[in-house]
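The values are calculated or read from the model by the stated rules, or taken from the named source; none is laboratory data. These figures come from a predicted structure and were not determined experimentally. Cβ placement follows ideal geometry from the backbone for every residue including glycine, while neighbour counts extend to all protein chains displayed.
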Amino acid sequence: MGRHALVGRSRWWTPLRVVLLFAVVVLALGWLGKAACLQEYRTPDGALALDWRNDRQYVAMCYSDTVPLYGLEGLADDAVPYRDAWFETAADGSRTARYMEYPVVTGMFQYLNAQLTDGWQWLAERLPLPSALDVVVYFDVTAIWLAMAWLVVVWAVLMLRPERPWDAALVALSPLVVVHAFTNFDTLTVALATGALLALRRDRPVWAGLLLGIGGAAKLYPLLLLLPVLLVGWRRRDDGGLPRAAWTIGAAVLAWVAVNLPVALAWPRGWAEFFLLNRTRPADPDSVWYSLYWFTGWSGFDGPLGDGQSPTVLNTVTAVLMVLAFVAIAALALRAPRPPAVAELAFLTVAAFLLLNKVWSPQYSLWLVPLAVLALPRWRLLLAWMTVDALVWVPRMYQYLGVANKGLPPEPFLVTVLVRDAVVVALCVLVVRQILRPGTDPGRDPEPVWPVGPRSSRAAVPPVPAGASAGAVPARSGRRRSGDGGGPGATGPDGATRSTGSGRATRAAAPQPWPSRAARPRRDPAD
């Protein structure tokens, strides 16, 4: 896996095929981990229903947002995202119209899968095809796309580090993939963001911007990568970096507007639901703010909040802290002895966003996986972080059961969250050290036109001339090229619930074949 590893000796088992096989096996384990939540049973009146009795989704730790959202978002009733509303009833009896709570690409991705489910069920009624409850078919259709997206992530990371192909195995074998590949829809966004980094590596700034813009219309975080692109472009302005950064940022903005504008003009209230939801959400249990409230007894910046009240002060504090963190990252990039790699700054930017944000849904950790591998390819360190992060899921699920129901109190979960945060902070410290001291970089990739991975202090080995013996290869030199452009480099890379209470009369009888409101916490376990 290092300098002395032999690759390419097998004609069939190439590194790409091996790591893709690893990824397929891990993704299969991820699906099996959710399969307990896809079991069916017969009700007393003979109807098929999804078996989430006795809190199976928490006991078996198989919870996935995909399952309840199929009914709660109206997808089972062919509701069109952002156009069709449903009503949420508050404790005082007031009713509020709600809409699809995800950004446009993710919302339409769910709608597409619901339509594919309808098509499959139509065919299954006429052809000898396997079938199940609508919600189970919907989950499986969604899982296929999500799995394919993660395979794209693995492929892109390998293409970004062709001289260290086994680093991509870290992405393929990540414990976070087993737990969270099918928890929500984030692998789709990660694939777009990682593909953008590959486009940068191949000097395709417009394609990189388009992918980041579309990714930002799926979940927020790909847009955060525009900051590292701008910073590296500025540092490498003498090499044409600034125009490339401008093309990337411009293409990203145009792509985001092109995706969002039609929906915003046609259904402005529905389109704004995502922003409304994120403004009114309180601190998520996975955030450092929630742990601060819990362990100190402090009621928070805003004090007790009623239903629908926005934590205005908390929103302001987190926004200010993020801006300060981004300014610090910019200062680091501008003062570093050599231009940092995009992946290094991207990891720091996304990690700062997650650590300071009021929401860190568990599957958000997938955002960091390819960035961490590209920025800091250290197997034991990254596997330790991924394992700790994946283990957060266990106390998170069991705290929803409650102590009276053989669950766990909040403390074990919150302690695990803080440990996870501490490990991520430690990774950030190592990346900062690597940027300030380039010789600590384990990467050995020759410097591309547009660097998106960590750079190496090791000079490249000159090729052996034809007819010369291996011993004739000159010794490695400890010298480094001077200037911002010198030195080798390597390359690299948001929901809550609402209920309709509706089912599909043509294929389901009471009880509903998907979980009811009571089966899902007020704040999603994994949105």
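In table form, for the structure just shown:
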item	result
Complete set of residues in region 239-275 that are closer than 25 Å to Leu227 by Cα and among the aromatic types (Phe, Trp, Tyr)	Trp247, Trp256, Phe274, Phe275
Which listed residue is under 28 Å from Val419 (Cα atoms) and surrounded by 19 or more Cβ atoms within 10 Å (Cβ to Cβ), from Leu314, Leu292	Leu314
Residues being more than 13 Å from Val429 (Cβ to Cβ) and of a type in the set (A, V, I, L, M, F, W, C) - total across region 341-357	9
Output for region 159-168, where each listed residue is crowded, with 23+ Cβ neighbours inside 10 Å and part of a helix (DSSP H, G or I)	Leu160, Asp167, Ala168
Candidate set from region 19-60 (those that are in a loop (DSSP other than H, G, I, E, B) and charged (D, E, K, R)); member that is farthest from Pro162 (Cα to Cα)	Asp45
Residue within region 256-274 that is hydrophobic (A, V, I, L, M, F, W, C), surrounded by 20 or more Cβ atoms within 10 Å (Cβ to Cβ) and farther than 20 Å from Gly216 by Cα present	no
So Arg98, is it basic (Lys, Arg), surrounded by 12 or more Cβ atoms within 10 Å (Cβ to Cβ), touching a strand residue (DSSP E or B) at 6+ places or on another chain (Cβ under 6 Å) and within 30 Å of Ala255 (Cα to Cα)	yes
Verdict on Ala218 being assigned to a helix (DSSP H, G or I) and out of contact with any strand residue (DSSP E or B) (no Cβ under 7 Å at 6 or more places or on another chain)	no
Pair list, Cβ under 7 Å, 6 or more apart: region 175-193 residue more than 25 Å from Leu227 (Cβ to Cβ) and surrounded by 24 or more Cβ atoms within 10 Å (Cβ to Cβ), other residue modelled with pLDDT under 95 and hydrophobic (A, V, I, L, M, F, W, C)	Thr183/Ala526
Contacts under 7 angstrom Cβ, first residue in region 296-311 being under 11 Å from Pro282 (Cβ atoms), partner loosely packed, with under 15 Cβ neighbours inside 10 Å and β-branched (Val, Ile, Thr), 6 or more apart	Phe301/Val313; Asp302/Thr312; Asp302/Val313
Criterion: modelled with pLDDT under 95 and not small (Gly, Ala, Ser) - qualifying residue of Trp360, Trp367, Trp379	Trp379
Single residue of region 103-153 satisfying the filter (in a helix (DSSP H, G or I) and among the charged types (D, E, K, R)) that is surrounded by the most Cβ atoms within 10 Å (Cβ to Cβ)	Asp134
Criterion violated by Asp239 - all others in (1) acidic (Asp, Glu); (2) under 25 Å from the mean Cα position of the chain (by Cα); (3) closer than 30 Å to Val157 by Cα satisfied	(2)
Where a residue in region 43-72 is closer than 22 Å to Gly402 by Cα and its partner, wherever it lies, is charged (D, E, K, R) and surrounded by fewer than 16 Cβ atoms within 10 Å (Cβ to Cβ), with Cβ under 8 Å and at least six apart	Asp51/Glu40
Every pair of residues 6+ apart whose Cβ atoms lie under 7 Å, when the first sits in region 245-266 and is at negative phi while the second is in a helix (DSSP H, G or I) and surrounded by fewer than 18 Cβ atoms within 10 Å (Cβ to Cβ)	Trp247/Val206; Ala251/Val206
Residues of region 413-441 classified as within 26 Å of Arg56 (Cα to Cα) and modelled with pLDDT under 95, total	0
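Yes/no matrix, rows are residues, columns are (1) under 24 Å from Ala79 (Cα atoms); (2) in contact with a helix residue (DSSP H, G or I) (Cβ under 6 Å, 6 or more places away or on another chain); (3) part of a helix (DSSP H, G or I):
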| site | (1), (2), (3) |
| --- | --- |
| Val253 | no, no, yes |
| Pro262 | yes, no, yes |
| Leu276 | yes, no, yes |
| Asp286 | no, yes, no |
| Tyr290 | no, no, yes |
| Ser310 | no, yes, no |
| Leu314 | no, no, yes |
